[in-house]
Amino acid sequence: MIAAMKFTRHLILVLAALPCGGQGVSMQKEKPPVSKNTRATDKEAMKDAAATALTDINRATLEELKAIPEIGEEYAAAVVKGRPYKNKGQLVARKVLPEGIYKKIKERIVARP
């Protein structure tokens, strides 16, 4: 009788330690499943981060300059042609950009030496 009780107690402990249908307690933090929507959201976040990052007008490529809102191909080419700039205000002083466009983009650009 005592042996049967010990066996039952051991059996209960073993069964309690087994995960039940994948719902067991895990000490590791599980990653959420990656879906196509999550990847799209990550790409959008990267685009937003790139848009808010400062663009160096002395080093940016034509494509990087064209990615700035209000800057098209012609303005981007003019910025490249007028390099180097000591400060971003020279875009207006040298008449590379109109003042209205400059006011819209001045928070997104920088002129690093």
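Derivation of every value follows stated rules applied to the coordinates shown; laboratory data play no part. Bear in mind that the values here come from a model prediction, so they are computed numbers and not experimental data.
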Discussion item. Taking amide H atoms as placed 1.01 Å from N in the peptide plane, list the residues 5 or more away in sequence, or in a different chain, whose amide H sits under 5 Å from that of V110.
Written reply: T55, D56, I57
Worksheet item: Per the Debye formula with a single identical scatterer at each Cα and no solvent contribution, what log10 I(q)/I(0) holds for the stretch 70-113 at q = 0.30 Å⁻¹?
Response: -1.32
Worksheet item: Which entries in the list K81/K104; K66/K88; K66/K86 go over 19 Å, if you measure between the two C-alpha atoms of each?
Response: K81/K104; K66/K86
